[in-house]
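Reading through the structure tokens given below for one structure.
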Amino acid sequence: MTSPLWRTAALFLAAAAIGAVGGLLGVGGGILFVPLLVLVFGFEQHRAQGTTLIAMVPPTGLLAFINYARAGQVDWRVGLLLMPGVFLGGVAGARLALRLAPQRMRVLFAALVFLLGAFEVLDSFVH
């Protein structure tokens with residue numbers, strides 16, 4: 001069994017690495033953090049998703065947004081039009097997720113990550 005200090009250090013180092021990859025590739029933290037928390041740190045799927053949201057959305061989302069806005073890489077009109085849908089969809093999705101069993105959530109999450117990865121690979125050969 002690992003000590004709390006080692007676990008804290010491992011979580012910090014993982015977060016730093018995921019933050020770097022997220023900043024480099026624009027990958028959502030959930031795609032990286034959720035599997036890490038479940039598979040390496042033993043979190044239940046729902047707790048991993050909730051923990052990832054608090055870790056990623058406020059600090060990273062804001063800082064990344066500021067950098068992209070300063071570089072002129074924000075379409076304000078589209079972004080503002082997306083907000084209500086993301087808000088309502090996030091509420092509905094969280095409510096649905098909490099009704100599903102953790103095992104089903106893991107399968108859905110894995111399927112989504114797999115399909116996104118397959119799409120990216122296929123699209124990279126076309127373009």
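Whenever a residue of the range 32-50 is without any contact (Cβ under 8 Å) to a residue 12 or more places away in the chain, its partners that are of a type outside the set (Ser, Thr, Tyr), lying with C-beta atoms within less than 7 angstrom and at least six residues away or across chains, give the pairs 43/37. The C-beta contact set for the range 73-87 (first residue closer than 16 Å to residue 62 by Cα and modelled with pLDDT of 90 or more, second residue among the aromatic types (Phe, Trp, Tyr) and in a helix (DSSP H, G or I), distance under 7 angstrom, 6+ apart or interchain) comprises 74/68.
Identify the residue in the range 70-108 that is of a type in the set (Gly, Ala, Ser) and part of a helix (DSSP H, G or I) and, among all such residues, is farthest from residue 42 (Cα to Cα). Outline the logic, then answer.
Of the range 70-108, the ones of a type in the set (Gly, Ala, Ser) are 71-72, 79, 85, 89-90, 92-94, 97, 101.
Cutting the leftovers down to part of a helix (DSSP H, G or I) gives us 79, 85, 89-90, 92-94, 97.
Working: 79: 36, 85: 32, 89: 28, 90: 25, 92: 26, 93: 23, 94: 21, 97: 19 Å.
Step by step, filter the range 70-108, then rank; the result is 79.
Of everything in the range 30-68 that is under 13 Å from residue 94 (Cβ atoms) and under 12 Å from the mean Cα position of the chain (by Cα), the residue that is surrounded by the fewest Cβ atoms within 10 Å (Cβ to Cβ) is 54. Answer yes or no: is there a residue in the range 52-59 that is of a type outside the set (A, V, I, L, M), in contact with a Phe, Trp or Tyr (Cβ under 9 Å, 6 or more places away or on another chain), at pLDDT below 90 and under 21 Å from residue 36 (Cα atoms). Yes; the residues of the range 52-59 include at least one that is of a type outside the set (A, V, I, L, M), in contact with a Phe, Trp or Tyr (Cβ under 9 Å, 6 or more places away or on another chain), at pLDDT below 90 and under 21 Å from residue 36 (Cα atoms).
The values are calculated or read from the model by the stated rules, or taken from the named source; none is laboratory data. All figures in this text were calculated on a predicted structure; none of them were measured in a lab. Cβ coordinates were reconstructed from backbone atoms using ideal geometry, including for glycine residues, and neighbour counts include every protein chain displayed.
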